[in-house]
Amino acid sequence: MNIFLADEQDEPLSTDTFCRLAEKTLAAEGLEDETELTLMLVTDEVIAGYNAQFMSRTGPTDVLAFPLEALEPGKKPKRAINGPPVNLGDVIIAPAYVRANASADGVPFEDEMALMVVHGILHLLGYDHPSDEAAEAMEERERQILSLVGVQRP
């Protein structure tokens, strides 16, 4: 797996952990070893700008995902014969915002960051939560993947 990580914020983090989690998530979804994606760690101000520009929402958020293809959950993207590796898109996370949410919810910051990485990648793979049923399917897949790295979610 080719995980490109851009850390453009000030929270002290072990970014290797996020790359390994992204790799495990892609492997759990059965994607090819050459699959690519970008993880960007940004400030609250930067993610608020993306949130306004691309989602028409005000203020910061924890995670945004920008897929390059419209995929269906559970269906793997296909690499063109002799083509470049599949690039899924970008996952953008605001660690300071995630830290505040984790503190408010009484959960470990590391677990909440792990959830944001998995959640963002699943969005790249077509998972979404527009309905209760779709949200439950996505949350169940998150729990399954997080359990692979010892993170338990309710």
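Readers should treat all values here as calculations from the given coordinates under stated rules, not as data from a laboratory. Fair warning: this is a prediction, and the values are worked out from it, not measured in the lab. Every residue, glycine among them, receives a Cβ derived from its backbone with ideal geometry; neighbour counts consider all protein chains shown.
Odds and ends about this structure:
- The fewest-to-most ranking of L71, L26 by surrounding Cβ atoms within 10 Å reads L71, L26.
- Hits among aspartates and glutamates - C-alpha to C-alpha of K78 under 16 Å, sequence gap 8 or more where chains match: E29, E32, D33, E34, E36, E69
- Separation of the range 50-69 and the range 75-150, taken as the distance between their Cα centroids, equals 14 angstrom.
- Angstrom value of the Kirkwood radius, inverse mean 1/r, which spans all Cα pairs in the chain: 15.8 Å
- Gaussian network model of the chain, Cα within-10 Å springs - most flexible of I93, I121, I47: I47
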